[in-house]
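Asker: Below are the structure tokens for one structure; questions will follow.
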Amino acid sequence: MDLVNLSGNLLYAAFILYLIATLFFGATIRDKRSTKSKKGISGNIAITITILGFLAQLGYFITRWMASGHAPLGNMFEFVTFLGMAMVLGFIIIYFMYRIGFLGLFALPLAMIIIAYASMFPTQLAPLVPTLNTSWLYIHVSTVAVGQGILFISFVAGLMYLIKKIDQKKRTKKNIGLELILYMIFLFVGFIVSTTTFSIMDYDATFEYQDGTQIIETEYRLPAIAAPNNGVLLTENVMEPWFEAPGWMQGADAGRKFNTVIWSVITGTILYGLTVLILRKRVGAALQPLLRGVKAELLDEIMYRAVTIGFPIFTLGGLIFASIWAQIAWGRFWGWDPKEVWALITWFFYAAFLHLRLSRGWHGEKSGWLAVIGFGIILFNLIVVNLVIAGLHSYA
Amino acid sequence: MNKIKCECGHINPEGTVLCEACGKPIEGNQHIDGNDKKLLLNMRYEGSARRSQTYRKSFVDKVWSFFSSVKVGVWLIVLALVASMIGTLFPQQQFIPPNAESRDPAVYYEAQFGMVGKIYYQLGFHEMYSSWWYLILLGLIGVSLVICSLDRFVPLYKALKIQKPRRHETFLNRQRFFSETEEVSKADIGQVKEKLRKQRYKVTEQNGHILAEKGRFSRWGPYVNHIGLIIILLAAILRSTPIMFTDEYVWVRDGETTVIPGTKGDYYVENKQFILDTHDPEDERFKDALEISGAVASNFQTDVVIYKATNNDVPGAKPELEPILTESIQMNKPAKFNGYTLYQSGYQPNEFSSMTFKIHETDDEDATAIDSFTINLFEPESEYILDNGFRAVIDQYYPDYYLDDDGIPASETNYPRNPAFVLAVYPPETSLPEVSFIGIGRNIDATGENEYKVAIQDFETHFVSGMTLRVDRTLIFFGLGAAIFMIGVIQGMYWQHRRVWIHPKNNGLLLAAHTNKNWFGLARDIEKAIEKTNIKMVEARQELDK
Ligand code: HEM
């Protein structure tokens, strides 16, 4: 078996291990009602499997590094996978501080969605362009990812706090807001499901369109609901597009990306709808009883603590190391590139979070909403800014 | 000034909320920190007297209170955040893509994004980050940082310095961690002290009243990090002056030596050779990816020699150049000399250096050359006299030819990227020229009656390397500010200020504790300390928001 295959299998193994660990973390909640020592046992098994999964993923990282000759942080697949790994690391760190299993029940599935999301992008080994060919790539990217991984735990604790505390008896603005957040998680799953389905079917349709002064060909891997603006379908015997992407959509392959979004929304909405039909209540309401045995104060503390740990690391990686590298590569440490601006926005946001908590006493629920929004900004920077608002950092 | 004397004997400055020494709430001032409405005391500044909360009459007081308010600070941060977001909605002017139909912002935004784009442009959002109001916003954050830090630092410092182990009962029973035990032995108290010391608490005692404290220095974290931020903002102001910051761009073609702009004529650069390497498409590792993406560059490099002009002070003299540095500049590997840094930042492939033309008879199907001549595109001569009696005169030269909006030939730049000529050819012993227009892929006979035709026979190209020269003397300040900021946040976030008070009462004691964050850690410390004693574990009373 060559290194690349080995690497792929290790990633796969990590994914399965995280899944098994999640089940064991689930058991810690059930055990709550029986004896205390049993809870300890399933918790210990669960964290051990999590660590094994993490090691497997580390193995993926190292073997892939050996295979390509550079740290696998050069494209969307590699970076997002690494972020997933950092999220698991964040969880492991916080677990050993507070020893609470139910955190894993939420954190691991979300990390798994991120890893699955990553593998929807092209996974071939790709060479590095000259700008990325420096050790500052790993220093910068890995620090940012670890910071974000820990901030992710703040998001998880915040989300759990909201699920636990928000009244689900009758419909309110708050539980609709919470439901919206959960719905967005379904959209990610929708993206993964639709992409996987059509890639198994090997679907392919080619379009040609004009971008500025150039003629560009683009390959659709999902049936075209939205064609590129002024696009012409070249492939025969495939679904005709229903309409064209609007002209103001900018950047490389805007039409194809827009089409992918449409598919994610359709599939995600169907999945969400089915879930609600089966549960016969809001997803938030269905999750609430799971958290009955969890202390709200502890969730509040974790969501704050994760920010206090993650914020300095994020600052170091996302602003300071980033600036040092930009200075070496381009001679300007700050250039108001969209990606840089969004790192600054993230930083401002968490600074505001910390100040609001300290001085306005925004604890508990308000703080929970902020923790969720904060991670939303991080994901926005990862996905929308990378893929849509293309700048110097654009991976796609 | 109305000093306030506490029953413990300590004299507090006006505006104090909790006595600096014993912590007893001072009547009439409880609204300042909101203690009047809550069970728990607000401990953020130890109830010390802050100027912003005490003097609110004169104009100066009002300005001071305004900027020292964290609410205002957060608003400023949020405004800067929202403005930054809006700035990424559409590309900033500098990022308008090169293949856009028009790069003129007045046209681009409306053409691309319609009405919204037009408004975006008219509001000046296309240059958001250098707009005066964005800069003022950052400036106000700076002002706010300075004032809020001054407002709190001194009183907090004093209050922490003066605090006594003996605390007033009201102070203790209004802490978040509190318990009361009726009956405690001396040995138990001794053990608790010992265990707290083992956990590296500093224990002080006063008539049986005990204060165990650790991590006080972490309270200064925010002040340290704010100083870092202020230094960064000052550095940003410095950077806008030309003495501290220079930014120039220079194009140098292979083999050329040219003065480096921004160095006052002191330095010259010679481009020995520009190298563009691509990844090997046969490389086993990357074959699949390269098949999809096409060629991927692996290296941009300019081999340069940097010269110093030794006679720069003699006006008009031809520069005497003395080589000082030979270097291969690459991406992520700039050349440095005397405080200047030269970066690889672009290249122009296939710029033409010379073109060779041949003359043949228009009817000749084989286009056999009768004569030929070579034009050096950087120093074209006005007339070429050829061996066979022909004479070619350059009537017009367009180094970078294009048709302008009125359909008139023009040159877009002065670089020979797409050279075109109007040539007048005088066949032997005639005085009437035959005029033709000739360029890459174009060959037009002006009258349609030319007996001889001119055609491009050959050409030579070269690379042009684009290099950026930077001098940034502010880097050191940014680095210093960033380092101080990091020290400050780590100091404030990774350590916590924990205090445990033990207050003897009759046969038992009151136990209370406070920390500025990480209550979980403090609870564990206390659990360890009171293990196997009679002392009751503190009760955690937190007032969470709805
Ligand atoms: C982008 C700018 C800013 C950043 C990154 C920043 C960062 C921080 C950090 C990390 C803390 C410590 C928080 C904690 O320990 O949880 C802090 C505390 C604080 N900041 Fe800022 N700050 C900024 C701007 C401001 C401004 C404009 C004000 C003005 C009112 C301000 C006032 C304070 C105050 C009063 C504290 C609390 C000190 C304490 O309670 O001990 N900050 N700041």
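The values are calculated or read from the model by the stated rules, or taken from the named source; none is laboratory data. Predicted, not measured: the structure shown is a model, and the values here were computed from it. Ideal geometry is used to build each Cβ from the backbone, glycine not excepted, and the neighbour counts take in all protein chains shown. Surface areas here come from the heavy atoms of the whole protein model, side chains and all, with no ligands, DNA or RNA. Shrake-Rupley method; radii C 1.70, N 1.55, O 1.52, S 1.80 Å.
Asker: Given 0.36 nm per residue, what is the gain on full extension from B:Gln94 to B:Tyr157 after removing their alpha carbon distance, in nm?
Answerer: Taking 0.36 nm per residue and subtracting the Cα distance, the gain is 17.9 nm.
Asker: Kindly tabulate the residues in the range B:504-538 with an accessible-area decrease of at least 30 Å² between the chain alone and the assembly of all protein chains, using a probe of 1.4 Å.
Answerer: Residues losing area: B:Lys517, B:Asn518, B:Phe520.
Asker: Let's see if you can work this out: charge +1 on each Lys and Arg Cβ, -1 on each Asp and Glu Cβ, no other charges. What is the dipole magnitude of chain A about its Cα centre, in debye to the nearest 20?
Answerer: 2660
Asker: Tell me, what % of the accessible area of the range A:171-280 is carbon and sulfur with a 1.4 angstrom probe? Don't jump to the answer; show the numbers that get you there.
Answerer: Numbers: 4000 of 6300 Å².
That fraction is 63 percent.
Asker: Okay, moving on. For the range B:241-280, list whatever residues lose no less than 20 Å² of accessible surface once every protein chain is in place, relative to that chain by itself, with the probe at 1.4 Å.
Answerer: Relative to the lone chain, where solvent access is computed with a 1.4 Å probe, the range B:241-280 loses at least 20 Å² at B:His279.
Asker: 222 nm [θ] for the protein assembly as shown, helices only, -39500 (n - 2.57) per DSSP H run of 4+, per residue, to 500?
Answerer: -15000 deg cm²/dmol
Asker: No other cysteine beta carbon under 4.7 Å away is the test; run it over chain B and list who passes.
Answerer: B:Cys148
Asker: For A:Glu217 and B:Thr356, what does the FRET efficiency come to when R0 = 41 Å and r is the distance between their Cβ atoms, rounded to the nearest 0.05?
Answerer: Numbers: r = 37 Å, r/R0 = 0.91.
Step by step, r from the Cβ atoms, then E = 0.65.
Asker: Moving on to the next point. Using amide H atoms built 1.01 Å from N in the peptide plane, name the residues 5+ places from B:Ile324, or on other chains, whose amide H lies under 5 Å from its own.
Answerer: Sorted by chain and number, the residues that satisfy this are B:Ile306, B:Tyr307, B:Lys308.
Asker: For chains B and A, what's the summed buried accessible area, probe 1.4 Å, to the nearest 100 square angstrom?
Answerer: Summing both chains' loss of accessible area gives about 5700 Å².
Asker: Which percent of Cα-Cα pairs in the range B:170-286 sits in each 10 Å bin, short to long?
Answerer: 9, 16, 14, 12, 12, 10, 11, 12, 5, 0
Asker: Hey, could you grab the Kirkwood Rh for the range B:13-95? Inverse mean 1/r over distinct alpha carbon pairs, Å, one decimal.
Answerer: 15.5
Asker: Run through the DSSP bridge list for chain A and note the antiparallel percent, rounded to the nearest 5.
Answerer: On the way: 9 of 11 bridges.
So the antiparallel bridges in chain A amount to around 80 percent.
Asker: If you average the C-alpha positions of the range A:307-358 and of the range B:22-72 separately, how far apart do those two centres end up, in angstrom?
Answerer: Here the answer is 32 Å between Cα centres.
Asker: Now, a different point. Holding the Cα-Cα limit at 21 Å, pick out from B:Lys5/B:Lys161; A:Lys164/A:Lys366; A:Lys339/B:Lys336; A:Lys174/A:Lys366 the pairs that are longer than that.
Answerer: A:Lys339/B:Lys336, as the Cα separations exceed 21 Å there.
Asker: Run the accessible area of the range B:27-184 with a 1.4 Å probe and give the carbon-and-sulfur part as a rounded percent.
Answerer: Taking all protein chains in place, the range B:27-184 shows 63 percent carbon and sulfur surface.
Asker: From the mean inverse distance of alpha carbon pairs (Kirkwood) and the Cα radius of gyration, derive Rg over Rh for the range B:59-148. Can you show the working numbers first?
Answerer: Working: Rg = 17.1 Å, Rh = 14.7 Å.
Taking Rh as the inverse mean 1/r over Cα pairs, Rg/Rh reads 1.16.
Asker: What is the helix-to-structure angle for B:186-198, meaning the angle in degrees between its Cα long axis and the longest Cα principal axis of chain B, kept from 0 to 90 and rounded to the nearest 10?
Answerer: 10
Asker: Show the residues, 5+ positions off or on another chain, whose built amide H is closer than 5 Å to the amide H of B:Tyr249.
Answerer: Amide H neighbours of B:Tyr249, under 5 Å, 5+ apart: B:Leu469.
Asker: Once the dipole of the range B:146-260 is set up with Lys and Arg at +1 and Asp and Glu at -1 on Cβ about the Cα centre, which of B:Cys148, B:Pro222, B:Pro165 lies farthest towards its positive end?
Answerer: Toward the positive end, the furthest listed residue is B:Pro165.
Asker: Write down the accessible area per residue of the range A:171-280 in Å², having rolled a 1.4 Å probe over the full set of protein chains.
Answerer: Per-residue accessible area for the range A:171-280 comes out at 57 Å².
Asker: Within the P(r) computed for the protein assembly as shown, what percentage of the Cα pairs occupies the region above 59 Å?
Answerer: Values: 103332 of 443211 pairs.
It works out to 23 percent of all Cα pairs.
Asker: Please report the accessible area of A:Ser199 (heavy atoms, 1.4 Å probe, ligands and nucleic acids excluded) in Å², nearest 10.
Answerer: Estimated to the nearest 10 Å², A:Ser199 gives 70 Å².
Asker: Applying 1/(1 + (r/R0)^6) with R0 = 41 Å to the Cβ-Cβ distance of B:Ala446 and B:Thr326, what FRET efficiency is obtained, to the nearest 0.05?
Answerer: 0.25
Asker: What does the accessible area per residue of the range B:253-390 come to in Å², with a 1.4 Å probe and no ligands, DNA or RNA counted?
Answerer: It amounts to 54 Å² per residue over the range B:253-390.
Asker: If you don't mind, another one. Which residues, if any, in the range A:85-128 lose at least 10 square angstrom of accessible heavy-atom surface (probe 1.4 Å) when the other protein chains sit next to their chain rather than the chain being alone?
Answerer: At a threshold of 10 Å² (probe 1.4 Å), the residues of the range A:85-128 that become less exposed are A:Met97, A:Tyr98, A:Gln124, A:Leu125, A:Ala126, A:Pro127, A:Leu128.
Asker: Next up: Quick one: dipole size for the range B:327-427, taken about the Cα centre, charges +1 on Lys/Arg Cβ and -1 on Asp/Glu Cβ, in debye to the nearest 20.
Answerer: Computed about the Cα centre, the dipole is about 880 debye.
Asker: For Cα pairs less than 8 Å apart in space and 6+ apart in sequence, what is the mean separation divided by the residue count of chain B, i.e. the relative contact order in percent?
Answerer: Here the relative contact order equals 18 percent.
Asker: Give the angle, between 0 and 90 degrees and rounded to the nearest 10, that separates the Cα long axis of helix A:364-380 from the longest principal axis of the Cα atoms of chain A.
Answerer: Long axis of A:364-380 versus the principal axis of chain A: about 20 degrees.
Asker: Where the centre of each part is set by its Cα atoms, how far does the range A:138-192 sit from the range B:163-215, in angstrom?
Answerer: The two parts, judged by their Cα centres, are 41 Å apart.
Asker: Next up: Using only the alpha carbons, work out the radius of gyration and Dmax of the range A:147-207 in angstrom.
Answerer: Cα-based Rg and Dmax for the range A:147-207 come out at 17.2, 50 Å.
Asker: Rolling a 1.4 angstrom probe over the protein heavy atoms, how many square angstrom per residue are accessible across the range A:115-159?
Answerer: 27
Asker: Quick one: helix B:475-494 against the long Cα principal axis of chain B, what's the angle to the nearest 10°, folded into 0 to 90?
Answerer: The two axes meet at around 30 degrees.
Asker: Give the separation of the Cα centroids, the range B:444-522 to the range B:240-254, in Å.
Answerer: 22
Asker: Tell me the volume per residue, in Å³, of the convex hull enclosing the alpha carbons of chain B.
Answerer: In chain B, the Cα hull volume divided by residue count equals 298 Å³.
Asker: Given 4 °C and 1.567 mPa s, how large is the Stokes-Einstein diffusion coefficient of the range B:2-46 in µm²/s, with Rh as the Kirkwood radius over Cα pairs?
Answerer: 122
Asker: For the protein assembly as shown, what is the charge dipole size about the Cα centre, in debye to the nearest 20, if Lys and Arg each add +1 at the Cβ and Asp and Glu each add -1 at the Cβ?
Answerer: With Lys and Arg at +1 and Asp and Glu at -1, about 11420 debye.
Asker: Of A:Thr275, A:Phe207, A:Thr195, which is farthest along the charge dipole of the range A:171-280 in the positive direction, counting Lys and Arg as +1 and Asp and Glu as -1 at C-beta?
Answerer: Ranked along the dipole, the leading option is A:Thr275.
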